[in-house]
Amino acid sequence: MKIAVCVKQVPDATAAKRIDPETKRLDRSGEAALNATDLNAVEEAIRLKEAQGGEVVLVSLGPERALESLRKALAMGADRAVLVADEAAAGSDLVATSRILAAALEREQADLVLFGQASSDGDGAVLWAAVADRLRRPLISQVAALTTDGSTVTGKRQTEHGYDTISAPLPAVVAVSDAINEPRYPSLKGIMGAKSKPQETLSLADLGVDAAEAGEAGSRTTVLALGPPPARGESLKIEDDGSAAQKILDYLVERRLL
Amino acid sequence: MDFDLTPEQELIRDTVRTFARDRVQPVAAELDREGRFPYELVAELGELGLMGIPIPERFGGAGGDTVSYALAIEELARVDSSLAITVAAHTSLGTMPILLFGTDEQRERWLPDLAAGRRLAAFGLTEPGAGSDAGNTRTTAELRDGTWVVNGSKIFITNAGTDITWGVTITARTGEDEISSLVVETGTPGYGISPPMKKLGWRASDTRELSFENCVVPEGNLLGERGAGFRQFLEILDGGRISVAAMGLGLAEGAYELAFAYAREREQFGRPISSFQAVQFRLADMATEIEAARGMVYRAAWLKDQGRPFAREAAMAKLYTGELSARVASAALLIHGGYGFMEESAISRLYRDQKVLEIGEGTNEVQRMVIARHLGLP
Ligand SMILES: Cc1cc2nc3c(=O)[nH]c(=O)nc-3n(C[C@H](O)[C@H](O)[C@@H](O)COP(=O)(O)OP(=O)(O)OC[C@H]3O[C@@H](n4cnc5c(N)ncnc54)[C@H](O)[C@@H]3O)c2cc1C
Ligand SMILES: Cc1cc2nc3c(=O)[nH]c(=O)nc-3n(C[C@H](O)[C@H](O)[C@H](O)COP(=O)(O)OP(=O)(O)OC[C@H]3O[C@@H](n4cnc5c(N)ncnc54)[C@H](O)[C@@H]3O)c2cc1C
C-alpha cells in the first residue's frame, strides 16, 4: 500500500512566535520542527507499512529549509520526501495551500493520504477537508485508531459524546489526532540513513500550478490587520492558606456563576 | 571555518534531548534515591542504537562519529549522570578495547551484543594500589598449559556487576615490566564481583570491586599483543576523556538551566532574585564558561573524527569541564538557597553527581600531568 503523509514545518514549540507586521506572515526564521500531530501521522503510516508492506512518502509545502524537518520523519522510517518549495507559494491561504498540496498528491496517487489533525502555527484544522474535496476522496478526521484491509480504511473518531467508527473505500484521506499512537524516536541507524533517502524539491511549475493560483495572488483571504488579544479582564489571585476553596466558591457565587 | 553541526548530528542531539526529557527526567530522582540500575532505559537506548554510537555498522553499531557520541553523552548528563556514565563507560572504556585491539574473530564474537546494548562491558584498570599510577598494576596473569591464570583485584569498576554485564577487560602483569589486556567474562570461575559500592553520586550506576583467585581465562582472551597493555590503556583513556568532558559540559548545562529557571521564579524583597545583579552575574559567568567548554569538547571530538592528534585537547577539555562543572554546580546550588540543600531538589543530585568528574578517568592533577607532557615539559 502506498501512503502519503502531509507534514508541515512549524516554529519550534519552545520558540516565541512572532508575526512580521510588514508581510503579516508568521516569522519562520527561528528554530523549527515538524508539527507535532504530523509525527503521529508519520508513525501511523510507518506502522501500516511495517505490518502490510508498501511505501511511505512525505509531502510538504514550505521553504527549502523545511527539508531539515522532513529528515526527522525520514529517520523515523518514511521512504522518501517531496517538498514543494517556491517563492510564489509564500503567503498561501487555505485555498491556495490545498490547491498546491492536491496537485502534489495527484502526482503520487497514494492509496491513503494521512494528515495531522491541526498545525500548531496556523491551527486551521481544516486543510485535510479542502484537500480531500479537491481530490474527490472520502475523508475521516480526528481519528484515534485506524485499520485497513487494503480496500477500505476504518477510523475510530473521537467526538464529544464518545467514538464514531467510520469506514471508507480506498483511496481515502484521513486526519489523525495525537491520541492515535506514541511517535517513535528515530534510531541512530535511521538518522544516518535518512540523508541517502530520495528527497525531491519541486516548484509550482513542476506541478503545473500557475503562480497566479498560489501565494497571495491565489489566496481568497487577505489579512487586513493584526493585533494582540485584548488584555485579560480583572483577575483574582488566591494563595492557598487552607481557605482557598471557600474563597473560590465565594467569588463564583458573588458573580452568580454558581 | 564552520561551527555548525551536520544535519545528522543535530538530529541525534535533538533525539537524545527529547529522550532525556521525556523518558529519563521523570525517573532520574527515583533511580538515584533507590540506587537502582536503569535497565529499562539502557534497553531503550540500545533499541535506538545509542549503546554503540561509534561502533562500525559491520559489528552491529551505529557507525556514528565522535561528535555525535559526545552530543549524546552531553544530553544525557544534562538530566542524569548515572545513565550518562553507564553509556559512556560501556562505550568508551568497555567496548572500545575490543574494537581497537581485538582480532576480527574476537570483534565478531563480542561486539554485536555490546553495540546493541544487550550486554554491558566494563574496563578494569584501577586497583587499590594503582589509581593515578595505573601502571602499577599488581594483578597478575600467568600462562599455564594454554590458559591464563589471573590473581589480584580491581576497584571502582563501572558496569561490572549488572544483570546484563558481559565481562570486563582488565590490565594484568604478564611478566616483569609487562602489562597485557585480558578479557574476563562474567561467570568465569575464580572471578568474584562485590556487592554494589555505596557512592556520594552516580548512585544509579553500577560500581564494583573485583577479585581474581586462580581465575582461569582462555588464552584467546588476550586483547592485542602480549605486553601492549600499558600503551593500550593510555589510548583508551585518551578517547574516554572526550566522553567524560561531555559529561562535565552536560552537567554544567543542566545545573545552569535549573538555576536560571529558579532565579526567575523565586521572589525575595518583592521581586524575582534574577533581578539582582549578583545573581545575574553568576548566571552570566556560568553561561560564558559553558560556551567556552562547549567549544573545547566539540573540537576535541572533531579532531578525533578528522584522524588528527586529539589527546592534548581531550585532556584539556576533561580538566576544564571537570572544574567548570564544580563551579557551576556549586553556584547553581547557592542560587537555590536552602531549597538547594534539600535532598529532593534536582540541583542537589547534580551537585553530588559532579564531584567524581574531577576524579574518574584521571584526576585533575593527572590531566595537568598529561597536558604538561604534551607541552613538552620533562
Ligand atoms: C497567523 C495566521 C493566520 C492565518 N489566517 C488565515 C485565514 O484567515 N484564512 C486562511 O485561509 N488562511 C490563513 N492562514 C494560513 C493558513 O493557516 C495556511 O495557509 C493553510 O495552509 C492552512 O494551514 P494550517 O496550518 O491552518 O493547517 P491545518 O489545517 O491546521 O493543518 C492540518 C494538517 O495539514 C497538513 N499541513 C498543513 N500545512 C501543510 C503544508 N504546508 N504542507 C503539507 N502539509 C500541511 C498537516 O498534516 C497538518 O497537521 C493563516 C496563517 C497564520 C500563520
Ligand atoms: C564512581 C567511580 C567509577 C570509576 N570507574 C572506573 C572504571 O570503570 N574503571 C577503572 O579502571 N577505574 C574506575 N574508577 C577509578 C578512577 O579512575 C580512580 O579513582 C582515579 O583514577 C583516581 O585513582 P585513586 O582513586 O586511586 O586516587 P589516587 O591516585 O590515590 O589519588 C589521590 C589524590 O592524589 C593525587 N595524586 C596522585 N598522584 C599524584 C601526582 N603524581 N601528583 C599530584 N597529585 C597526585 C590525586 O590527584 C588525588 O587528588 C572509578 C572511580 C569512581 C569514583
Check on B:L93, at pLDDT 95 or above, within 13 Å of B:S181 (Cβ to Cβ), away from ligand 1 (no atom under 16 Å from the Cβ) and crowded, with 24+ Cβ neighbours inside 10 Å: yes
In the set B:A160, B:A116, which member is buried (at least 24 other Cβ atoms within 10 Å of the Cβ) and away from ligand 1 (no atom under 16 Å from the Cβ)? B:A160
Answer yes or no: is there a residue in region B:72-88 that is farther than 29 Å from B:G227 by Cα, within 13 Å of chain A (Cβ to nearest Cβ) and buried (at least 24 other Cβ atoms within 10 Å of the Cβ). yes
Flag if B:E30 is closer than 21 Å to B:D353 by Cβ and surrounded by 24 or more Cβ atoms within 10 Å (Cβ to Cβ): no
So in region A:83-105, with the set limited to residues that are under 11 Å from A:L61 (Cβ atoms) and of a type in the set (D, E, K, R), which one is farthest from ligand 1 (Cβ to nearest atom)? A:D86
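What do you reckon, is B:L200 without any contact (Cβ under 8 Å) to a residue 60 or more places away in the chain, within 14 Å of ligand 2 (Cβ to nearest atom), within 19 Å of B:T158 (Cβ to Cβ) and surrounded by fewer than 21 Cβ atoms within 10 Å (Cβ to Cβ)?
No.
When the residues of region A:186-237 are filtered to those that are within 14 Å of chain B (Cβ to nearest Cβ) and either at positive phi or part of a loop (DSSP other than H, G, I, E, B) (or both), which remaining residue is modelled with the lowest pLDDT?
Step one: filter region A:186-237 for residues within 14 Å of chain B (Cβ to nearest Cβ), giving A:186-197, A:199, A:237.
Remaining after also requiring either at positive phi or part of a loop (DSSP other than H, G, I, E, B) (or both): A:186-187, A:195-197, A:237.
Working: A:P186: 96, A:S187: 95, A:K195: 92, A:S196: 94, A:K197: 97, A:K237: 83.
Out of the qualifying residues, it is A:K237.
Kindly indicate whether any position in region B:15-25 is of a type in the set (F, W, Y), crowded, with 21+ Cβ neighbours inside 10 Å and in contact (Cβ under 8 Å) with a residue 24 or more places away in the chain.
Yes: one or more hits.
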Could you grab me the full set of residues in region B:155-172 that are more than 10 Å from ligand 2 (Cβ to nearest atom) and hydrophobic (A, V, I, L, M, F, W, C)? B:I164, B:W166, B:A172
Residue check for A:Q142: more than 13 Å from ligand 1 (Cβ to nearest atom), closer than 28 Å to A:D12 by Cα and away from chain B (no Cβ under 14 Å): no
Can you name the condition, by its number, that B:A43 falls short on among (1) touching a Lys or Arg at 6+ places or on another chain (Cβ under 9 Å); (2) of a type in the set (A, V, I, L, M); (3) surrounded by 18 or more Cβ atoms within 10 Å (Cβ to Cβ)? (3)
From B:D14, B:D4, residue being assigned to a helix (DSSP H, G or I) and either within 13 Å of chain A (Cβ to nearest Cβ) or modelled with pLDDT of 95 or more (or both): B:D14
If we keep only residues of region B:327-378 that are within 16 Å of ligand 2 (Cβ to nearest atom) and among the hydroxyl-bearing types (S, T, Y), then the residue nearest to B:S132 (Cα to Cα) is B:T363
Which numbered condition A:A66 fails, given (1) surrounded by fewer than 21 Cβ atoms within 10 Å (Cβ to Cβ); (2) among the aliphatic types (A, V, I, L, M); (3) in contact (Cβ under 8 Å) with a residue 12 or more places away in the chain: (1)
Away from ligand 1 (no atom under 16 Å from the Cβ) and either on the phi > 0 side of the Ramachandran plot or in contact with a strand residue (DSSP E or B) (Cβ under 6 Å, 6 or more places away or on another chain) (or both): is that true of A:R256 in this structure? yes
Within the bounds of region B:231-241, is there any residue that is closer than 19 Å to B:A326 by Cβ and in the same structural domain as B:Q354 (by TED's automatic domain parsing)? yes
Taking the condition of being within 10 Å of another protein chain (Cβ to nearest Cβ) and within 25 Å of B:T207 (Cβ to Cβ), how many residues in region B:17-44 meet it? 3
Here is a check on your reading of the model: is B:P309 in contact with a Lys or Arg (Cβ under 6 Å, 6 or more places away or on another chain) and surrounded by fewer than 17 Cβ atoms within 10 Å (Cβ to Cβ)? no
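The values are calculated or read from the model by the stated rules, or taken from the named source; none is laboratory data. All figures in this text were calculated on a predicted structure; none of them were measured in a lab. Ideal geometry is used to build each Cβ from the backbone, glycine not excepted, and the neighbour counts take in all protein chains shown.
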